[in-house]
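**Q** Pasting a structure below so you can have a look.
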Amino acid sequence: MKIIVAIKQVPERDAPVRIAGQWIEETDLQWAMNEPDAYALEEALQLKEKHGGEVVVVSAGPERVGSTIREALAKGADRAIHIACDDLIARDALGVGRLLAEAIRPENPDLVLTGLQSDDLGLGQTGVIVAELLGLPHATLILQVEKTDSGIRVKRELEEGWFQTIEMPTPAALTIQSGGNKLRYATLMGIKRAKTKEVRALNAVDFRGPGDPVATLEKIALPKKQKSTQILPGSGKEAAAALVEKLKFEARIL
C-alpha cells in the first residue's frame, strides 16, 4: 500500500503573532507541522506497520518547509516531495490543491491523507479539493482507518458524540481529524536515518498556472479581548434556568 500524506508547515501555536499587511509578520516565528497533518501522518505510519508498503509525504512552501519534511521522515516516512513555492499564502485552497494534486498524480497512490484543516487558515477545503482533482472518492472527519479485502473501512466523527463507519474502495482520499491516535516522537535513530532519505524537489513555477483564485484574503485582525459580567436575577432555580438558556442559545456550548 502506497500512502501519500500532505503536510503543511504552520506557525507554532504559542508563537507571538503580529499583523503585517494582509498576513502575519513571519520574521523570528517558530514553525511546526500542522497538528491535523501530524495525525494524518501517524495514521499512515500505523497502516504501513500493519500492512507494509510506503509512506510518502508531500509539502508545498519555501525552503524552511524542509525542517518539517525532515521531521516527518524522522518519524518514519520513507521519502518526501517538496514543492518549492514562495507565494503559498497568495494561493487559495484551490490553488494549493492544484499544486498538491499535480505532485501526487504521478505517484498513483492507494491512499491520500491530509489533515482536516490547517491551524493557520482553518479552511478545511484542501483535502477534498485534492480528492476532486484526482478523481478519488473521499471522506472527511476520519478518526480511524482499517484495511479490508475490498478497500478500507473508516470511522468518521459526527456531531454530539455520534460516529459513522463506512467502507470505501481504494484508491481514496481522506481528511484526518485530530485525536484519533497518539502521536509518536522522532527517535534519535529516526533523525539519523532521515538524513539519508530521498527528498524530491519540484518547483511550483514548472506546474500549470494556478489560475484565478476563487477566494481572496482581504484582511486579517487579532481577536478583540473583551470581558463582560452578567448578574442573573431571581431565585437560584430561576438563575440556573436562565444560565442554561444563555449557554444554549448565546454561547452555544450546550
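For (1) in the same structural domain as VAL17 (by TED's automatic domain parsing); (2) out of contact with any Asp or Glu (no Cβ under 9 Å at 6 or more places or on another chain), each residue gets a yes or a no:
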{"position": "TRP162", "(1), (2)": "yes, yes"}
{"position": "THR175", "(1), (2)": "yes, yes"}
{"position": "GLY180", "(1), (2)": "yes, no"}
{"position": "LYS192", "(1), (2)": "yes, yes"}
{"position": "LYS195", "(1), (2)": "yes, yes"}
{"position": "ILE220", "(1), (2)": "no, yes"}
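**Q** Name the residue that is nearest to VAL154 (Cα to Cα), counting only residues in region 88-100 that are in contact with a strand residue (DSSP E or B) (Cβ under 9 Å, 6 or more places away or on another chain) and buried (at least 22 other Cβ atoms within 10 Å of the Cβ).
**A** LEU100
**Q** Which one is modelled with the lowest pLDDT, of the residues in region 194-234 that are under 29 Å from ILE69 (Cα atoms) and polar (S, T, N, Q)?
**A** Result: THR216.
**Q** Now for a separate question. Among the residues of region 162-177, how many are surrounded by 11 or more Cβ atoms within 10 Å (Cβ to Cβ) and out of contact with any strand residue (DSSP E or B) (no Cβ under 7 Å at 6 or more places or on another chain)?
**A** Qualifying residue count, region 162-177: 1.
**Q** I'd like the full set of residues that are in contact (Cβ under 8 Å) with a residue 24 or more places away in the chain and under 14 Å from LYS75 (Cα atoms), limited to region 196-218.
**A** Listed by number, the list holds a single entry, LYS197.
**Q** Could you check region 184-236 and list, in sequence order, the residues that are among the small types (Gly, Ala, Ser), assigned to a loop (DSSP other than H, G, I, E, B) and closer than 28 Å to VAL56 by Cβ?
**A** Of everything in region 184-236, those that are among the small types (Gly, Ala, Ser), assigned to a loop (DSSP other than H, G, I, E, B) and closer than 28 Å to VAL56 by Cβ turn out to be ALA186, GLY209, GLY211.
**Q** Take the residues of region 101-119 that are touching a strand residue (DSSP E or B) at 6+ places or on another chain (Cβ under 7 Å) and of a type in the set (A, V, I, L, M, F, W, C): which is farthest from ALA173 (Cα to Cα)?
**A** By that ranking, first place goes to ALA103.
**Q** Shifting gears a bit: On the given criteria, is ALA240 in the same structural domain as PRO36 (by TED's automatic domain parsing), on the phi < 0 side of the Ramachandran plot and of a type in the set (Gly, Ala, Ser)?
**A** no
**Q** Run LYS248 past the list (1) over 30 Å from GLU107 (Cα atoms); (2) part of a loop (DSSP other than H, G, I, E, B) and report the number of the one that doesn't hold.
**A** (2)
**Q** From the list THR175, THR170, which residue is under 20 Å from the mean Cα position of the chain (by Cα) and under 23 Å from ASP37 (Cα atoms)?
**A** When all the criteria are applied, what remains is THR175.
**Q** Can you say whether THR68 is among the hydroxyl-bearing types (Ser, Thr, Tyr) and under 28 Å from ILE191 (Cα atoms), as far as the supplied structure shows?
**A** yes
**Q** When you go through GLY124, GLY115 one by one, which is the residue that is of a type in the set (Gly, Ala, Ser) and surrounded by fewer than 23 Cβ atoms within 10 Å (Cβ to Cβ)?
**A** Only one candidate passes the filter, namely GLY124.
**Q** Okay, moving on. Which condition from (1) within 20 Å of ILE83 (Cβ to Cβ); (2) free of Cβ contacts under 8 Å to residues at least 60 places away in the same chain; (3) in contact with an Asp or Glu (Cβ under 9 Å, 6 or more places away or on another chain) is the one that GLY151 breaks?
**A** (1)
**Q** To continue, here is another question. When region 178-196 is examined, which residues are found to be over 20 Å from the mean Cα position of the chain (by Cα), surrounded by 12 or more Cβ atoms within 10 Å (Cβ to Cβ) and not β-branched (Val, Ile, Thr)?
**A** GLY190, ARG193, ALA194
**Q** Within region 1-24, how many residues are among the small types (Gly, Ala, Ser), part of a strand (DSSP E or B) and without any contact (Cβ under 8 Å) to a residue 60 or more places away in the chain?
**A** So the count comes out to 1.
**Q** Looking only at region 152-183, which residues are farther than 30 Å from ARG98 by Cα and part of a strand (DSSP E or B)?
**A** PHE163
**Q** Considering every residue within region 86-104, establish whether at least one is among the charged types (D, E, K, R), closer than 30 Å to MET189 by Cα and in contact with a helix residue (DSSP H, G or I) (Cβ under 7 Å, 6 or more places away or on another chain).
**A** no
The values are calculated or read from the model by the stated rules, or taken from the named source; none is laboratory data. The shown structure was predicted, so the numbers you read here are calculated from the model rather than taken from an experiment. A quick note on method: Cβ atoms are made from the backbone with ideal geometry, for glycine too, and the neighbour counts reach across all protein chains shown.
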